[in-house]
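As structure tokens, the structure follows; a few thoughts come after it.
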Amino acid sequence: MLPNMRTRRITGLHLTGTSACPISKIPPKYSNDDWDYNNKIKFRITCDQERLAERIVEDSRRVVDDVNDTTRNWQREVEHHLRERASEIRFLCDELNKQKKTALLEDEALTTYRNRILNAIGFLKEKSLNICQRCLVLREGRLAVDLCEDDVDRNLRRELKVIKGCQCLMDKALKETNEQMRKLRAAMYLLDKDLAQKDKSLLIDEKNLKLRDSQHDLGNSDNASQPCLYTLGEWQQKTYLNIESNAKELNSASQLRAYIDLILCQVCEDMQNQTDRTNEAFDRRITEVKHIKKCLENKHNDTMNHIIEVQRNIQLLEAEMSDKNRAHQLCLTRLSNRAARPGLEMTCDEVQQSLYNELDALKASICRLQQKIRENKASLRYLMHVQVMQEEEINIKNNSIKIDEVECVTLRQCLKYQSF
């Protein structure tokens, strides 16, 4: 209410008595001007508030439209970046999967090569080394002069040295293969870890792409203010570092497989060459021993023939000796009988002289026959000694042939080297 109207209303009050307390009698009435003025004022206030409300509503609509446009623009930009991010993650996942697939194939190949190395080591230990050492032990069973360091022994020891050298080479290759497999699997672990994180991140971003502000189950936003730990450059660098590390290990594994192929071929070639040389030495030695044995057998037959001939000759000499003893006894008997001649008849006539000459000749003949008998018996003893010696040598050669041809060569027949 305006001041003048209030003043006018107060003038209608009457004061009575000394208490100075107002006492109202009849409420005062406003004038027509007051009524008209009041209506105009109220109408003007109403119009002002309506126009203010219209401006506020219009501004609010503009703000809403602007906010909606801004929100839609940001949402479109976020969705665009989400799609780009998802596309980039898919691309990197594809690269990681390719690397993982190649790494798995390379790991299988390295496992196969590792098994080849183990097969080579097992063959060298269980067959090559065992057979070579067994042959050396068996050849220690040769007898007498045959227990010599011949070409076979030298080749067997050379073969033993080659086997041990190949074993060292295979052990080194096995260690390198195990180490390379460890490095490759470590790189595969990092790939798997990175791939799992990217798969989860891709699922999150794809889920975010499907979310709309009209949905009721948007969930909570407790972790919305959590800061990022890495930059985009660090993220890309880490992924590409994993890919480069895996590619580096793949290249190293490929080079290692080529190296293993080379050394396996070299080991097989060296072992086969040395085995062939040792087998050839066995063949030459067996041929030589068989030739010596054949010569000894021929000599043994000749010796047996000579023994028989000497024995027959001794029998002839002894028979002749017996005849000469009888002739000697006859001569002595005749001389003894002639010694009984009486008197003058005991003359040294031609008969007597002939008997003396015959006796001397018989004694000389008997001495010569005895000498020849002794010589023949001595020769027979020597021949029999030679016979025993020849038989011993033949037995020695038979033992050597049995060891080399029957035992060693039979053992070595299974030494066939391949590329494992």
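The values are calculated or read from the model by the stated rules, or taken from the named source; none is laboratory data. Keep in mind it's a predicted model, so treat the numbers as computed, not measured. Virtual Cβ from ideal backbone geometry, glycine too; neighbours counted across all protein chains shown. SASA here: full protein model, heavy atoms, side chains in, ligands and nucleic acids out. Shrake-Rupley method; radii C 1.70, N 1.55, O 1.52, S 1.80 Å.
Just a few scattered comments:
- Volume per residue for the chain equals 282 cubic angstrom (convex hull of Cα atoms).
- For segment 286-420, the share of accessible area belonging to carbon and sulfur comes to 55 percent (1.4 Å probe, ligands and nucleic acids excluded).
- Neighbour net charge for ASN376 - beta-carbon separation under 11 angstrom, K R +1, D E -1: +2
- Rounded to the nearest 20 debye, the dipole magnitude of the chain is 1160 debye, with +1 charges on Lys and Arg beta carbons, -1 on Asp and Glu beta carbons, and the Cα centre as origin.
- Per-peptide packing, taken as the mean over residues of other Cβ atoms within 10 Å, places 149-161, 381-393 in the sequence 149-161, 381-393 from highest down.
- In nm, spacing of pseudo-spin labels at ASN301 and GLU320 (7 Å Cα→C-beta vector): 3.0 nm
- The chain, accessible area per residue, ligands and nucleic acids excluded (1.4 Å, Å²): 68 Å²
- Using C-alpha pairs under 8 Å with a sequence gap of at least 6, the mean separation divided by the residue count of the chain gives a relative contact order of 24 percent.
- Each of MET389, ALA327, ALA339 was scored by the projection of its Cα onto the charge dipole of segment 319-417, and the greatest displacement toward the positive side belongs to MET389; charges sit on the C-beta of Lys, Arg, Asp and Glu.
- With contacts taken as Cα pairs under 8 Å and at least 6 residues apart, segment 282-395 reaches a relative contact order of 51 percent.
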